[in-house]
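The values are calculated or read from the model by the stated rules, or taken from the named source; none is laboratory data. Everything numeric here is computed off the predicted structure, so don't read it as measured data. Virtual Cβ from ideal backbone geometry, glycine too; neighbours counted across all protein chains shown.
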Amino acid sequence: MHMNKEHNFSSCPITPCITSSIFRCGIGICKEQNVNPRMYLNDAIAKMPYIKTDPLNDPPYDQVLPLLPHLWIQSHPEAKLDTSNQ
């Protein structure tokens with residue numbers, strides 16, 4: 001199946017379900033890693049538009065990997081959840 005570069009994915013009825021699932025998974029992973037989900041998502045979503053991509057090459061792993069919660073928390077220790085009262 002050939003995808004038109006101008007395809008509007010927001011018109012796809014399944015897209016809201018997929019987006020919702022991605023956010024729920026992200027929140028769950030944050031909680032498992034003791035990362036504040038709100039702080040993580042605010043920062044990661046704010047950085048996403050600035051990730052430089054090239055459709056002819058591999059994804060920019062050097063820009064995407066630091067956005068994974070377990071790596072992101074290393075540069076944002078203030079977002080560590082307090083687990084002492086659990």
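Count of segment 37-53 residues, restricted to those that are in contact with a His (Cβ under 9 Å, 6 or more places away or on another chain) and either modelled with pLDDT under 90 or more than 12 Å from residue 69 (Cα to Cα) (or both), is 0.
All conditions but one from (1) surrounded by fewer than 12 Cβ atoms within 10 Å (Cβ to Cβ); (2) modelled with pLDDT under 90; (3) part of a helix (DSSP H, G or I) apply to residue 78; the one that does not is (2). The listed residues are 53, 83, and the only one of them that is touching a residue at least 12 places away in the same chain (Cβ under 8 Å), not acidic (Asp, Glu) and not in a helix (DSSP H, G or I) turns out to be 83. Looking only at segment 34-61, residues that are surrounded by 10 or more Cβ atoms within 10 Å (Cβ to Cβ) and basic (Lys, Arg) come to 2 in all.
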